[in-house]
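What follows is calculated from the coordinates using simple rules that are stated; it is not laboratory data. What you see is a predicted model; the values in this text were computed from it and never measured. All Cβ positions, glycine included, derive from the backbone under ideal geometry; neighbour counts span all protein chains shown.
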Amino acid sequence: MSDRLKELFAEVAPTYERVNHILTFGLDRLWRRPAARWGARSGGRLWLDVCSGSGDMARALLRRASGETRVVAVDFCLPMLKQAVGSGQALRPLAVGGNVRGLPFPEATFDLVTISFATRNINLSRSVLEDTFREFRRVLKPGGVFINVETSQPRSRLVRSLFHVYVKAAVKPIGSRISGSQPGYAYLASTIPRFYRPEELARILEGAGFSGISWRPLFWGAAAIHRGIKP
Ligand SMILES: C[S@@+](CC[C@H](N)C(=O)[O-])C[C@H]1O[C@@H](n2cnc3c(N)ncnc32)[C@H](O)[C@@H]1O
């Protein structure tokens, strides 16, 4: 699956950000901002954005980083990372090719690890996610902060149904049309309704050994930011 996933992301890479902004009416950028702000509060000099893709979250972090802080962006899809460090970008993270299931960094390296809109692409299985979160915890320093921003499940049944109808009606057709990749957006749309409720994700983080877990819903619960600390 991971090779197929890389191919799917390579197909959508050139138009990925544009499609995101269109499908969310620009809200995806607004959702990364509080996540970056929350993470940046942890301070420190070395921050890691995993599954960084075209680098929207890494740039949100760079805007909040002090002069001494370095932001590293990891992704296994090189065409996506190329967008993150392309000539059109004024703010560029240090890009590293790698798989989050085994990060190419020693234990206790980073003060902050972030992930945005990618957790549901790593895998939907609880045990795989728990193992992956453990890997994020491994590369964090003790006291380091993990921030996860991802689509979620609105608490209200009505809002949840409307959200799922919108995803079905818009994400696949619009995303496929603009990107030219039908399988890419069929896959991305299919994972949204299947992802965890915020309290379930909090339990997975807890299972991976994070403490002090808290979360904030965004846009009536269509997305959520989770925060956990490495004890
Ligand atoms: C939906 S994009 C999100 C990109 C970006 N974080 C954002 O906020 O827009 C998901 C990204 O995760 C990457 N990805 C998925 N599974 C991965 C894995 N196991 N290791 C590294 N990168 C992975 C994909 O290549 C893709 O760039």
Total formal charge among the other residues, if their Cβ is under 14 angstrom from that of R155, Lys/Arg +1 and Asp/Glu -1: +2
Set of aspartates and glutamates with alpha-carbon distance to K172 below 20 Å, sequence-local pairs under 8 removed: E7, E11, E17, D28, E150
Shape of the range 94-231, Cα gyration tensor, a/c cut at 1.5: oblate
The range 170-231: Cα Rg divided by the 2.2 N^0.38 Å rule of thumb: 1.46
Of all DSSP beta bridges in the chain, antiparallel share, percent nearest 5: 40 percent
Percent RCO, i.e. relative contact order, over the range 16-71, from Cα pairs under 8 Å lying at least 6 residues apart: 36 percent
D111, D131 arranged by Cβ crowding within 10 Å, fewest neighbours leading: D131, D111
Ranked by how many other beta carbons lie within 10 Å on average, peptides 204-211, 157-164 from highest: 204-211, 157-164
Whichever lysines have a C-alpha closer than 17 Å to that of K82, once near sequence neighbours (fewer than 8 apart) are set aside: K6
Cα-based equivalent ellipsoid, the range 2-229: semi-axes from gyration tensor eigenvalues, Å: 25, 21, 16
Most mobile of E17, E150, E107 in a GNM of the chain (Cα contacts under 10 Å): E107
Qualifying trypsin sites (Lys or Arg not before Pro) for the range 38-108 [loop in DSSP, other Cβ within 10 Å: at most 13]: R41, R45, R101
Among S87, S214, S116, residue whose mean-square fluctuation peaks in a GNM of the chain (springs only between Cα atoms under 10 Å): S87
Rel. contact order, % - alpha carbon contacts under 8 angstrom, at least six apart, the chain: 21 percent
